[in-house]
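**Student:** Let me give you the structure first, and then I'll get to my questions.
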Amino acid sequence: MTSSRDLAYLIAMGHRRYRMAARAAVDSLLGPGQFHGDVVLFTDKPMRMPGNVRVVVVDDPDLLAQPKRLKFRVGRFVDLAAYHRVMFFDADLVSRGPIVERIAEPLDAGGMVCTDDIAQTVDMGLCCRCLEPAELAEHGGRSLGVNSGFFAARGDLIQGFLDVWEGIVDDCADREGEGFDQPGLNAAMLRAALPVSMVRGLMWFPRRDPKGHYCLPNAPLVHFHGAGRSWSRTFRMRAFARDAIAGRRLA
């Protein structure tokens with residue numbers, strides 16, 4: 001029988017900034033995010049986390065070279081089918097409110113739940129590298145793209161979804177363009193290769209949407225895009241997370 005317990009996993013590899021961001025992400029997930037399941041953090045160096053968070057230090061050269069593949073290969077380290085729901089959070093995501101209650105219905109129905117990419121269509125940003133010309137002609141400027149910084153699925157289904165997704169990413173590996181995993185997810189969505197269920201507006205990008213026009217009011221996820229690549233963004237993310245945890249007004 002599948003457990004009623006949920007799992008959240010994150011990846012923080014490379015520069016110290018990624019690990020600092022991940023600590024803020026986890027603290028906010030356990031605080032205002034009100035997440036009560038198991039949390040696993042994949043990293044390349046030991047780090048201190050709250051006692052109920054499992055830290056997995058990865059030494060596989062292939063995964064160290066392409067850390068984002070851990071999104072797909074989490075099942076090598078965790079029995080995903082033992083969980084009711086499995087969620088992935090980018091290490092630069094602050095949780096300022098619970099997410100599970102907003103996605104429970106499509107999630108439990110068997111969907112792979114994601115949110116939109118600042119209301120951009122699939123021909124924009126990091127969404128399009130794996131799309132064929134005919135797909136771009138049909139969907140460009142019309143169909144919303146999804147962001148791969150957060151996704152969730154039932155534990156008994158997610159590994160199959162991740163395998164399909166990784167296969168599409170591998171098929172596009174030699175193509176020019178930006179993005180690694182997000183283009184494959186968008187291609188899988190448009191081709192109905194995965195039962196992607198988009199719940200709009202769950203993610204706010206302070207840098208790209210400062211006035212919050214493209215997200216729900218008080219969207220539960222705040223994406224400090226690039227926090228692992230810039231000290232200023234890392235510090236801003238940490239300060240925002242501290243405010244969220246303290247219950248101070250956020251803007």
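**Student:** Rounded to the nearest percent, how much of the accessible area of segment 1-81 (1.4 Å probe, protein heavy atoms only) is carbon and sulfur?
**Tutor:** So the carbon and sulfur contribution to the accessible surface is 48 percent.
**Student:** Cα-based Rg (one decimal) and Dmax (whole number) for segment 16-114, in Å?
**Tutor:** Rg and Dmax of segment 16-114, Cα atoms, are 13.9, 39 Å.
**Student:** To continue, here is another question. Mind running the shape call on segment 168-234? Use the C-alpha gyration tensor, a ≥ b ≥ c as the square roots of the eigenvalues: rounded below 1.5 for a/c, prolate if a/b tops b/c, oblate otherwise.
**Tutor:** Working: a/c = 3.06, a/b = 1.39, b/c = 2.19.
In terms of gyration-tensor shape, oblate.
**Student:** Return the calculated 222 nm mean residue ellipticity for the chain, to the nearest 500 deg cm²/dmol, obtained by summing -39500 (n - 2.57) across DSSP H runs with n ≥ 4 and dividing by the residue count.
**Tutor:** Numbers: 8 runs with 79 residues, N = 251.
Dividing the helical sum by the residues of the chain leaves -9000 deg cm²/dmol.
**Student:** Ordered by packing density, taken as the mean number of other Cβ atoms within 10 Å over each peptide's residues, highest first, how do 23-29, 139-145, 4-10 rank?
**Tutor:** Values: 23-29: 25.0, 139-145: 16.9, 4-10: 19.7.
Going by the mean number of other Cβ atoms within 10 Å, highest first, we get 23-29, 4-10, 139-145.
**Student:** In addition: Gain in length, H213 to D171, computed as 0.36 nm per residue apart minus the alpha-carbon separation, to one decimal in nm?
**Tutor:** Result: 11.6 nm gained on full extension.
**Student:** Could you tell me what percent of the accessible area of segment 122-223 is made up of carbon and sulfur, with a 1.4 Å probe and every protein chain present?
**Tutor:** 50 percent
**Student:** What percent antiparallel are the DSSP beta bridges of the chain, to the nearest 5?
**Tutor:** 40 percent
**Student:** For segment 113-184, just say rounded, prolate or oblate: build the C-alpha gyration tensor, square-root its eigenvalues into a ≥ b ≥ c, call rounded for a/c under 1.5, and beyond that prolate if a/b exceeds b/c, oblate if not.
**Tutor:** oblate
**Student:** What is the calculated FRET efficiency for E178 to H36, with r their C-beta to C-beta distance and R₀ = 41 Å, to the nearest 0.05?
**Tutor:** On the way: r = 36 Å, r/R0 = 0.88.
It comes to 0.70.
**Student:** Using a Förster distance of 25 Å, how high is the FRET efficiency between S230 and L136, based on the Cβ-Cβ distance and rounded to 0.05?
**Tutor:** With R0 = 25 Å, the Cβ-Cβ based efficiency is 0.20.
**Student:** Right, next: Rolling a 1.4 angstrom probe over the protein chains, ignoring ligands and nucleic acids, what is the accessible area of L221 in square angstrom, nearest 10?
**Tutor:** That residue has around 0 Å² of solvent-accessible surface.
**Student:** Return the distance in nm (one decimal) between the two label points of a simple spin-label model at M47 and A82, each offset 7 Å from Cα along Cα→Cβ.
**Tutor:** 2.4 nm
**Student:** Can you bin segment 1-42 into rounded, prolate or oblate? Criterion: square roots of the alpha carbon gyration tensor eigenvalues sorted a ≥ b ≥ c, rounded for a/c under 1.5, prolate for a/b above b/c, oblate for the rest.
**Tutor:** Cα axes put segment 1-42 in the oblate bin.
**Student:** Still on this structure: Please arrange D171, D163 by accessible surface area, largest first, computed with a 1.4 Å probe and ligands excluded.
**Tutor:** D171, D163
**Student:** For the chain, report the accessible area per residue in Å² (1.4 Å probe, heavy atoms, rounded to an integer).
**Tutor:** Details: 11370 Å² over 251 residues.
Result: 45 Å² of accessible area for each residue.
**Student:** Where the Cα atoms of the chain are projected onto their three principal axes, how long is each span, largest first, in whole Å?
**Tutor:** Each principal axis gives a Cα extent; for the chain these are 49, 42, 36 Å.
The values are calculated or read from the model by the stated rules, or taken from the named source; none is laboratory data. This one's a predicted model, so the numbers in the text were calculated from it and none came from an experiment. Quick reminder, even Gly has a Cβ in these numbers, built from the backbone with ideal geometry, and neighbours come from all protein chains shown. These area figures cover heavy atoms from the full protein model, side chains too; ligands, DNA and RNA do not enter into them. Shrake-Rupley method; radii C 1.70, N 1.55, O 1.52, S 1.80 Å.
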